[in-house]
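Chemist: First the structure, then my questions, so here it is.
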Amino acid sequence: MTHLSIAKLSVRYGKRRVINGLDAPCLAAGEVTALLGPNGSGKSTLLRALAGLQPCEGQIALDGRPLDRRRGQAAYLPQTLPPCVHLTVFESLMVAGQATASGLFRRHGDDEVVALLESLGIVRLARSHLDQLSGGQRQLVGIAQALIREPALLLLDEPLSALDLNYQFHVMDLLRRETRRRRMVTLIVLHDLNAALRHADRALMLKDGRLLADGRPEQVIDAAALRAVYGVDGRVERCPQGVPHVLVDGLSAA
Ligand SMILES: Nc1ncnc2c1ncn2[C@@H]1O[C@H](COP(=O)(O)OP(=O)(O)OP(=O)(O)O)[C@@H](O)[C@H]1O
């Protein structure tokens with residue numbers, strides 16, 4: 001059973017502390033956790049610290065041992081994708097897979113790449129060059145590059161931001177299935193509260209670098225949180241199919 005635990009995590013930029021002694025004791029394998037919060041609340045900073053790209057204080061442990069990124073335990077998709085190298089989609093995924101994956105990948109890598117592209121609905125892009133893709137296509141390939149590494153910890157920063165409604169649904173569905181099948185710990189920064197309500201198993205709500213709430217999405221996202229965190233009046237209602245949805249009435253009175 002893999003689990004991630006975060007204890008007393010703090011991150012500073014210069015003298016300014018933007019993550020403030022954050023504790024998240026047990027993010028379980030097989031669960032998708034949505035990392036929520038307003039602009040500037042520290043979501044990307046937290047993800048970068050978990051990915052080892054941001055110096056931090058505190059403990060980050062996988063199954064009780066310090067997270068070892070050199071062993072490819074974590075894969076991270078940044079909010080802003082890096083500039084494209086001149087590789088095809090297929091080549092870029094082979095490179096990503098070979099860098100970190102098992103001997104099995106080395107023997108069956110081609111098949112794995114094609115299967116992953118098929119499951120994301122983008123196999124037609126296999127021979128396209130990365131620098132010729134649209135923003136949404138590039139984001140889908142970024143998600144594939146993270147998944148092909150077979151990490152124990154998957155960190156995705158706003159992976160839906162460039163995707164149309166169909167792909168948003170498709171990607172979240174796939175991430176949830178793959179998270180369960182591979183027993184990964186998956187942490188996804190989301191601004192779309194409805195996506196969190198529908199697809200996440202758990203939600204962490206950040207504000208000003210502190211953890212305001214941690215629980216099932218329906219426990220974390222409610223009228224009080226909409227007002228306190230986002231400054232809007234609203235409520236969560238179930239649609240006829242039983243799925244909870246946020247309805248916003250307007251900005252809260254100051
Ligand atoms: N490289 C940096 N140097 C200094 N301050 C930074 C840096 N990156 C982020 N910050 C500050 O840290 C705080 C948290 O930023 P962060 O990007 O983690 O927020 P976020 O919750 O991901 O926001 P958003 O939803 O807008 O992407 C902000 O106040 C931001 O101005």
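The values are calculated or read from the model by the stated rules, or taken from the named source; none is laboratory data. Keep in mind that this is a model prediction, so the values were computed, not measured. Here Cβ is always computed from backbone atoms with ideal geometry, including for glycine, and neighbour counts include all displayed protein chains.
Chemist: Checking residue 73 against (1) within 13 Å of the ligand (Cβ to nearest atom); (2) more than 19 Å from residue 8 (Cβ to Cβ), only one condition comes out false. Which one?
Modeler: Residue 73 satisfies every listed condition except (1).
Chemist: For the list (1) closer than 29 Å to residue 122 by Cα; (2) within 16 Å of the ligand (Cβ to nearest atom); (3) out of contact with any Ser or Thr (no Cβ under 9 Å at 6 or more places or on another chain), I need the number of the one condition that residue 39 fails.
Modeler: Exception for residue 39: condition (1).
Chemist: Would you check if residue 78 is within 16 Å of the ligand (Cβ to nearest atom), under 20 Å from residue 178 (Cα atoms) and surrounded by 14 or more Cβ atoms within 10 Å (Cβ to Cβ)?
Modeler: Here the answer is yes, as residue 78 does meet what is asked.
Chemist: Turning to a different aspect of this structure: So which of 79, 98, 132, 59 is of a type outside the set (Gly, Ala, Ser), more than 18 Å from the chain's Cα centre (by Cα) and under 30 Å from residue 229 (Cβ atoms)?
Modeler: 59
Chemist: Name the single residue, out of those in region 143-176 being closer than 14 Å to residue 81 by Cα and surrounded by fewer than 19 Cβ atoms within 10 Å (Cβ to Cβ), that is farthest from the ligand (Cβ to nearest atom).
Modeler: For region 143-176, the residue satisfying everything is 162.
Chemist: What number of residues within region 24-59 are closer than 17 Å to residue 188 by Cα and either touching a residue at least 24 places away in the same chain (Cβ under 8 Å) or among the polar types (S, T, N, Q) (or both)?
Modeler: 25
Chemist: Also: Which members of region 7-46 meet the condition of being of a type in the set (D, E, K, R) and crowded, with 21+ Cβ neighbours inside 10 Å?
Modeler: Residues of region 7-46 of a type in the set (D, E, K, R): 8, 12, 15-17, 23, 31, 43.
Result: 43, single match.
Chemist: Enumerate the pairs (first residue in region 206-217 and more than 13 Å from residue 46 (Cβ to Cβ); second residue anywhere and of a type in the set (Gly, Ala, Ser) and modelled with pLDDT of 95 or more) with beta-carbon separation below 6 Å, excluding pairs fewer than 6 apart on the same chain, so at least 6 apart or on different chains.
Modeler: Listed by first residue and then by second, the contacts come to 217/196; 217/200; 217/203.
Chemist: Please work out if residue 48 is under 15 Å from residue 154 (Cβ atoms), within 13 Å of the ligand (Cβ to nearest atom) and either in contact with a Pro (Cβ under 9 Å, 6 or more places away or on another chain) or at pLDDT below 95 (or both).
Modeler: yes
Chemist: Restricting the search to region 1-25, which residues are of a type in the set (A, V, I, L, M) and within 16 Å of the ligand (Cβ to nearest atom)?
Modeler: 6, 9, 11, 18, 19, 22, 24 - these are the residues of region 1-25 that are of a type in the set (A, V, I, L, M) and within 16 Å of the ligand (Cβ to nearest atom).
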